[in-house]
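Peer 1: Here's a structure for you.
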Amino acid sequence: MTENGSPGKKDMLQMSNSGSGSLTGSLQTDMAYLNDTLDVEENFDIIYRVIQIGGKEACMYLIDGSCKDDLVQKLLQYFMDLKPDELPEDMHALSKQFTPYVEVDIEEQWDTVIHSLLSGIFVLLIDGYQKALLIDSRTYPSRGVEEPEKDKALRGSKDGFVETLVSNTALIRRRIRSTDLHMEMLSAGESSRTDIALCYMKGRVDDVFLDEIRRKISNIKVDALTMNQESLAECLYQRKWYNPFPKFKYTERPDAASAQVLEGNIVILVDNSPSAMILPTTVFDVIEEADDYYFPPVTGTYLRMTRFLISLLTYLVTPTFLLMMNNPQFIPEDFSFIMLQEKPNLPLIWQFLVLELAIDGLKLAAINTPNMLSTPLSVMAALVLGEFSVNSGWFSSEVMLYMAFVAIANYTQANYELGYALKFLRIITLLLTQWFNLWGYIGGILLSLLAIGCNRTVSHRSYLYPLIPFSWKTLKNKLFRTRLPGALKKDSR
């Protein structure tokens, strides 16, 4: 200690070397350590104030903008009105008997205190008390829970996940009022300490897989989850770069996430992310959508089968057309009308490849175009890439027709990654068909089947389950809308 009673460099070094240690009970020492660690003189948003509580000196710490001002004001008024004979001997008694708030905790380890403070929790230190009082009065700027733009449904709920983790867990808890619903809180990232919630149904989830996911999250060694769920996904599954099929399914709909929890899957919520990560995920899970269950079984089955068929056609239609044009003898006489009406100025393979690139360029332009200019840009793109490009001789009208079908049909299923996986395989099949004719076409299809068949889910099962390994009972529920999610107590898997 120095002459004025404040901690010296030796005391600060001893506290630091103790692994950030625990509170000492001396307010001056604890304040000096916390002020030095947080650089409160430079960080304007970290507020601290020394006050008197029951005749003792105390200090409060909070993050400006993360605490409810009116609540903090009422708590301070209550604490400052305490008389010396009313103040208990330790922080435990103060939290139990004299703290008029629900979410209250006490902590003596500096690591937890600092992490809680930086998360937005109100921290109170009192001289002579070797523990800190943590009051969860957090509030974050957030938008309303309106229906997500990308994950819409014709029927059903019109709410959606937001960037606040607690709001998202409440949306799921509202739909599943069961004691079996568990929500575990974990964190990852040495600097970001991002909150991660594991949502699952006890008794329905695969406990071995759950332990594996819990262990992987706990062992993540990264500085920060800079891209939220994508950063977490790459840490959980070291995917092979050459296999583009999605290993996770994402949804911004609380009803869809709740249905997956009831099915025995694990839903992962990441703070600052407005979507839920569902695992394990097979190719059949990726193609499912909420509308399948908001319509009667016959209609839901038709929508699902249509989505399967159109996804298959987006992969096959252009390579098949290229094969037919390179081998006119393969075309039945009744389908002779599909032949090119005019000799192309540019080889068909180049037309397809250029249009594949042009469509992606239009997608990127649409994302970055202000709303007020989206309509003029759409009209211009339709004229330039439609009528003008055909009249100029760059592209054949038949090629434009099939590529327009592929571009529009990709939006029949909502998963962005699956659309690009099919796109990459389609381009490979186009090139193999051009180079090796019929054998290249067959080889491209076999390569695509291998890319799907040799794929594994995060739980190490086949990506084609329940087709491989075969389970008719589960496959029937994947192909046909026979029952609602959660209609049975336990999933057949």
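The values are calculated or read from the model by the stated rules, or taken from the named source; none is laboratory data. Nothing here was measured: the structure is a model prediction, and the numbers come from that model. Counting neighbours? That spans all protein chains shown, and the Cβs are built from the backbone with ideal geometry, glycine included. Accessible surface areas use protein heavy atoms only, side chains included; no ligands, DNA or RNA. Shrake-Rupley method; radii C 1.70, N 1.55, O 1.52, S 1.80 Å.
Peer 1: Please give the helix 27-38 orientation as an angle from the longest Cα principal axis of the chain, in degrees from 0 to 90, rounded to the nearest 10.
Peer 2: Approximately 20 degrees, to the nearest 10.
Peer 1: With the dipole of region 15-158 worked out from charges on the C-beta (+1 for Lys and Arg, -1 for Asp and Glu) around the Cα centre, which of Ile46, Cys59, Ser157 lies farthest toward the positive end?
Peer 2: Farthest along the dipole direction, towards plus: Ser157.
Peer 1: Further question: Which net charge results for the neighbourhood of Cys59, defined as the other residues with beta-carbon distances under 10 angstrom from its beta-carbon, given Lys and Arg at +1 and Asp and Glu at -1?
Peer 2: So the environment of Cys59 carries a net charge of -2.
Peer 1: Net charge near Tyr129: determine it from the other residues with C-beta under 10 Å of the C-beta of Tyr129, scoring Lys and Arg +1 and Asp and Glu -1.
Peer 2: Here the charged neighbours net out to -3.
Peer 1: To continue, here is another question. Using the Cα atoms of the chain to build a convex hull, what is its mean projected area in square nanometres?
Peer 2: In nm², the orientation-averaged hull projection of the chain is 30.7.
Peer 1: Search the structure for amide H atoms under 5 Å from the amide H of Ile266, placed 1.01 Å from N in the peptide plane, and list their residues when 5 or more places away or on another chain.
Peer 2: Counting only residues 5 or more places away or on other chains, the set is Leu279.
Peer 1: Let me ask another. Using 1/(1 + (r/R0)^6) with R0 = 45 angstrom and r between the beta carbons of Ser187 and Lys473, what's the FRET efficiency to the nearest 0.05?
Peer 2: The computed FRET efficiency comes out at 0.70.
Peer 1: A further question follows. What shape does region 133-279 take by its C-alpha gyration tensor, where a ≥ b ≥ c are the square roots of the eigenvalues and a/c under 1.5 counts as rounded, a/b above b/c as prolate, and the rest as oblate?
Peer 2: Since a/c stays below 1.5, the shape of region 133-279 is classed as rounded.
Peer 1: Angle, helix 297-326 long axis vs. longest principal axis of the chain, Cα atoms, 0 to 90°, nearest 10?
Peer 2: So the inclination is approximately 50 degrees.
Peer 1: Over the alpha carbons of region 245-370, what is the largest minus smallest coordinate on each principal axis, giving the biggest first in Å?
Peer 2: Taking max minus min along each principal axis of the Cα atoms, region 245-370 gives 56, 40, 26 Å.
Peer 1: Still on this structure, please answer the following. Computed FRET efficiency, Cβ-Cβ of Tyr242 and Glu42, R0 45 Å: what is it to the nearest 0.05?
Peer 2: Computed FRET efficiency for Tyr242 and Glu42 comes out at 0.45.
Peer 1: Sticking with this structure for a sec: Carbon-plus-sulfur fraction of the accessible area of the chain, 1.4 Å probe, in percent?
Peer 2: Carbon-and-sulfur percentage of accessible area, whole number: 59.
Peer 1: Here's another thing I want to ask about it. Based on the Cβ-Cβ distance from Leu353 to Leu449, what FRET efficiency comes out when R0 is 30 Å, to the nearest 0.05?
Peer 2: Working from the Cβ atoms, E equals 0.85.
Peer 1: OK, next. Could you tell me the center-to-center distance, by alpha carbons, between region 125-167 and region 279-309 in angstrom?
Peer 2: A separation of 30 Å, based on Cα centres.
Peer 1: What are the ³J(HN,Hα) values, in whole Hz, obtained from phi via the Karplus relation 6.51 cos²θ - 1.76 cosθ + 1.60 with θ = phi - 60°, for each residue of region 205-210 in sequence order, with x given for Gly and Pro?
Peer 2: 6, 6, 5, 5, 5, 4
Peer 1: Right, next: Rounded to the nearest 20 debye, what is the charge dipole size of the chain about its Cα centre when +1 sits on each Lys and Arg Cβ and -1 on each Asp and Glu Cβ?
Peer 2: Roughly 2500 debye for the chain.
Peer 1: A further question on this structure: Taking only Cα atoms, what is the 0 to 90° angle, nearest 10, from helix 371-382's long axis to the longest principal axis of the chain?
Peer 2: So the helix axis and the longest Cα principal axis differ by about 20 degrees.
Peer 1: For Cα pairs less than 8 Å apart in space and 6+ apart in sequence, what is the mean separation divided by the residue count of the chain, i.e. the relative contact order in percent?
Peer 2: 12
Peer 1: Which far-off residues, 5 or more places away or on another chain, put their amide H under 5 Å from the one on Ile106, with H placed in the peptide plane?
Peer 2: Leu134
Peer 1: Treating the beta-carbon of each Lys and Arg as +1 and of each Asp and Glu as -1, no other charges, what is the dipole magnitude of region 125-213 about its Cα centre, to the nearest 20 debye?
Peer 2: 520
Peer 1: While we're looking at this one, here's another question. Probe of 1.4 angstrom, ligands and nucleic acids ignored: what's the accessible area per residue over the chain, in square angstrom?
Peer 2: 53
Peer 1: Past 22 Å, Cα to Cα: identify those pairs from Lys68/Lys221; Lys247/Lys478; Lys152/Lys249; Lys423/Lys476, in the order given.
Peer 2: From Lys68/Lys221; Lys247/Lys478; Lys152/Lys249; Lys423/Lys476, over 22 Å: Lys68/Lys221; Lys423/Lys476.
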